[in-house]
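Following: one structure in structure tokens, then a few remarks.
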Amino acid sequence: MAILCMIAVTIESHSHMYTLLTLALVGGIAYASHAASASALSGMLSHSIHILAVGLWGGVVLIVAAFSKETSNWKNFLSWFTPFAIGCFVLLSLSGFISMIIIMGLSNYVNSWATDYGQSLLLKHITIIPLLAFAVINGFLMKKAIKQPEYKPVAWIRAESIILLIIFLFTAIMVTQSPPANISHMAMDSSILPFIYGKQVTLPLTFQVTVVGTLFLFVALLFFVYVLICFYKKTVWLSVLSAGLFVFAFYIAMMTSIQV
């Protein structure tokens, strides 16, 4: 189906054909998803909405980041894209939450961290947090800063696209793994938590307040705030680095707050 979409673009087919092929592609991906395998109708529907929302929002971000050069109409672009992106993110979050419940249930979220699938899901969720920071920068703070010539909006939306691609990477890793249908059995095959703790973990996983976990959570908060500070300092590359360090610190905070 993806090949048909590429052919339609190459031969400059009718715009309605693009829409039909895209919807068929989304339906095909949703049909083969983990959510659809757990619950055919509701899983396929929730995953279809999830893919459409991320495709519409993330697709615009990636295209603008890759090909935009002119910024004279940037304010007009933000006037329609910001509310559009907010709507897509709401749909994306709701459909993703429903898909997660269908796949493994909300009560098994923390326990799923004992599996490779759950680790990828956790990292994906953590990376969404700095993505929201860049969304605030590009959607709201940039509206006022665009009047100042030293601010380069394309550079900042490229920074957002980098974080978005990292989220896609974690999603791609999840697709290649089996969902945690039998967490107890899958946890025995996972090597991540035994590597961190030096021993095999037992379920259920529970949280406990630890000095190390609290320290890394505080450090993560500092890195998150610094992402926003970097906007006012006009240091784009440092904001991306801070976002990466936030993900690392927050992840360590979660891992060191688990009682095994």
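From the list Q148, Q119, Q177, which residue is polar (S, T, N, Q), within 18 Å of the chain's Cα centre (by Cα) and either within 19 Å of I49 (Cα to Cα) or surrounded by fewer than 21 Cβ atoms within 10 Å (Cβ to Cβ) (or both)?
Working: Q148 fails: within 18 Å of the chain's Cα centre (by Cα); Q119 fails: either within 19 Å of I49 (Cα to Cα) or surrounded by fewer than 21 Cβ atoms within 10 Å (Cβ to Cβ) (or both).
Every option except Q177 fails the conditions.
Which ranges mark the helices (runs of 4 or more DSSP H) fully within segment 1-91 that have 2 or more residues being closer than 27 Å to A135 by Cα and modelled with pLDDT of 95 or more?
Details: elements: 2-10, 15-31, 34-38, 40-67.
Passing ranges, in order: 40-67.
Scan (1) surrounded by 12 or more Cβ atoms within 10 Å (Cβ to Cβ); (2) in contact (Cβ under 8 Å) with a residue 12 or more places away in the chain; (3) closer than 23 Å to L123 by Cβ for the single condition K199 breaks and write down its number.
So the condition that K199 fails would be (1).
Pairs under 7 Å by beta carbon, first residue more than 16 Å from N76 (Cα to Cα) in segment 130-142, partner not hydrophobic (A, V, I, L, M, F, W, C), six or more apart or different chains?
Pairs found: L131/E160; F134/E160; A135/E160.
Quick grid of which residues meet (1) β-branched (V, I, T); (2) closer than 24 Å to I63 by Cβ; (3) out of contact with any strand residue (DSSP E or B) (no Cβ under 7 Å at 6 or more places or on another chain); (4) free of Cβ contacts under 8 Å to residues at least 24 places away in the same chain:
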residue	(1), (2), (3), (4)
I146	yes, yes, yes, no
A172	no, yes, yes, yes
M186	no, no, yes, no
L203	no, no, yes, no
V212	yes, no, yes, no
L221	no, no, yes, yes
I229	yes, no, yes, yes
Y232	no, no, yes, yes
Y251	no, no, yes, no
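Considering only segment 159-170, state which residues are touching a helix residue (DSSP H, G or I) at 6+ places or on another chain (Cβ under 6 Å) and of a type outside the set (D, E, K, R).
Just the residues of segment 159-170 that are touching a helix residue (DSSP H, G or I) at 6+ places or on another chain (Cβ under 6 Å), to begin with: 159-164, 166-167, 170.
Listed by number, the residues that qualify are A159, S161, I162, I163, L164, I166, I167, F170.
Go through F250, F224 for me and flag whichever is closer than 30 Å to K144 by Cα, part of a helix (DSSP H, G or I) and in contact with a helix residue (DSSP H, G or I) (Cβ under 8 Å, 6 or more places away or on another chain). Give the steps one after another, and end with the answer.
Details: F250 fails: closer than 30 Å to K144 by Cα.
Being closer than 30 Å to K144 by Cα, part of a helix (DSSP H, G or I) and in contact with a helix residue (DSSP H, G or I) (Cβ under 8 Å, 6 or more places away or on another chain) holds for just one of F250, F224, which is F224.
Within segment 230-247, count every residue that is assigned to a helix (DSSP H, G or I) and more than 22 Å from the chain's Cα centre (by Cα). Outline the logic, then answer.
So the first thing to find is which residues in segment 230-247 are assigned to a helix (DSSP H, G or I), and the list is 230-233, 236-247.
So of that shortlist, the ones also more than 22 Å from the chain's Cα centre (by Cα) come out as 232-233.
Qualifying residue count for the region: 2.
With the requirement that a residue be in contact with a helix residue (DSSP H, G or I) (Cβ under 9 Å, 6 or more places away or on another chain) and of a type in the set (S, T, N, Q), what does segment 14-68 give you?
T22, S33, S37, S39, S42, S46, S48, S68
Would you pick out the residues in segment 212-240 that are modelled with pLDDT under 95 and exposed (fewer than 12 other Cβ atoms within 10 Å of the Cβ)?
If the condition is that a residue be modelled with pLDDT under 95 and exposed (fewer than 12 other Cβ atoms within 10 Å of the Cβ), then Y232, K233 are the ones that fit.
Looking only at segment 63-90, count how many residues are of a type in the set (A, V, I, L, M) and surrounded by fewer than 17 Cβ atoms within 10 Å (Cβ to Cβ). Steps first, answer last, please.
Taking segment 63-90 first, the residues of a type in the set (A, V, I, L, M) are 63-66, 78, 85-86, 90.
Among the residues that remain, those that are also surrounded by fewer than 17 Cβ atoms within 10 Å (Cβ to Cβ) are: 63, 66, 86, 90.
Number of matching residues: 4.
Suppose we keep only residues that are without any contact (Cβ under 8 Å) to a residue 40 or more places away in the chain and outside any helix (DSSP H, G or I) within segment 92-116. Which one would you say is surrounded by the most Cβ atoms within 10 Å (Cβ to Cβ)?
Y109
The values are calculated or read from the model by the stated rules, or taken from the named source; none is laboratory data. None of the values given here were measured: they were computed from a predicted structure. Backbone-built Cβ (ideal geometry, glycine too); neighbour counts: all protein chains shown.
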